[in-house]
1. Looking at the range 71-84, is at least one residue charged (D, E, K, R), under 25 Å from PHE129 (Cα atoms) and over 12 Å from the mean Cα position of the chain (by Cα)?
2. Within the set of pairs 6+ apart or on separate chains, which have a first residue in the range 157-186 that is closer than 17 Å to TYR123 by Cα, a second that is of a type in the set (A, V, I, L, M, F, W, C) and surrounded by fewer than 12 Cβ atoms within 10 Å (Cβ to Cβ), and C-beta atoms under 6 Å apart?
3. Of all residues in the range 147-156, which are in contact (Cβ under 8 Å) with a residue 40 or more places away in the chain and either farther than 23 Å from LYS75 by Cα or of a type outside the set (Ser, Thr, Tyr) (or both)?
4. One residue is enough: does the range 68-77 have a residue meeting the conditions part of a strand (DSSP E or B), hydroxyl-bearing (Ser, Thr, Tyr) and surrounded by 13 or more Cβ atoms within 10 Å (Cβ to Cβ)?
5. Could you check how many residues of the range 146-195 are of a type in the set (Gly, Ala, Ser), farther than 16 Å from ASN113 by Cα and surrounded by 12 or more Cβ atoms within 10 Å (Cβ to Cβ)?
6. Which of the residues spanning the range 92-136 are among the small types (Gly, Ala, Ser) and assigned to a helix (DSSP H, G or I)?
7. Considering every residue within the range 58-78, establish whether at least one is of a type outside the set (A, V, I, L, M), under 25 Å from VAL27 (Cα atoms) and free of Cβ contacts under 8 Å to residues at least 12 places away in the same chain.
Amino acid sequence: MKKYFFFLFINIFLSQALSAQKLQVEVNYVMADAAEKRSLIYYSPSEKLTWNDFKGKPVLSSSAAAITNAGIGFKMAFRSRDNITTLQITVNCNFSIADSWVKDGRKTPYILNHEQHHFDIAYINAMLFIQNLKTAKYNMNDYAKVIEKIYYQAQADLQTMQNAYDSETKNSQLQDVQELWNKKIDAQLASLAKK
């Protein structure tokens, strides 16, 4: 009986030690996904949107001239080699072609610039999401909860920034405020390019 309890104690101790073990994590940004290539455009700092990318049906009752549907996505996979488990997280920033639209007669370079900056804001927040993933502490027991918490915060931050952008510029109608946002976004993109 004593041997059984000793063995049970060792098993419980080892399983707790393994579940508390730190997990090796790799986080990378990806600019393409072959499975979704036709419906999404993945953000690349060297490529800009064109009006041909806006294939959605305009909502005529909307006060907006155009809508950019851009967001953050990620995938996870485990890799094991030489008794080391690595969680690989790939993050993307994407633009939905079918859900982004522009009204007839509103395809101007000025409005396209405003819409491009919506995509830029999504990219800025995707990079902040990556930074937060890289600095988080993980173990086998809680990695999913840690990632979920960071992701939901990234989505909230993204939505807050997108709303502030449209609210402060009145959907690009206030040209002087739009110019301030242009400079702010361009400065953040330049800072990210240096990292």
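Coordinate-derived values only; no laboratory data. Note that this is a predicted model, so its numbers are computed, not measured. Every residue, glycine as well, gets a Cβ built from its backbone with ideal geometry; the counts of neighbours run over all protein chains shown.
1. Yes, the range 71-84 has at least one match.
2. Close Cβ pairs (under 6 Å, with a partner that is of a type in the set (A, V, I, L, M, F, W, C) and surrounded by fewer than 12 Cβ atoms within 10 Å (Cβ to Cβ)) do not exist here.
3. If the condition is that a residue be in contact (Cβ under 8 Å) with a residue 40 or more places away in the chain and either farther than 23 Å from LYS75 by Cα or of a type outside the set (Ser, Thr, Tyr) (or both), then ILE147, ALA154, GLN155 are the ones that fit.
4. No: the range 68-77 contains no residue that is part of a strand (DSSP E or B), hydroxyl-bearing (Ser, Thr, Tyr) and surrounded by 13 or more Cβ atoms within 10 Å (Cβ to Cβ).
5. Looking only at that region, the number is 2.
6. Of everything in the range 92-136, those that are among the small types (Gly, Ala, Ser) and assigned to a helix (DSSP H, G or I) turn out to be ALA122, ALA126.
7. yes
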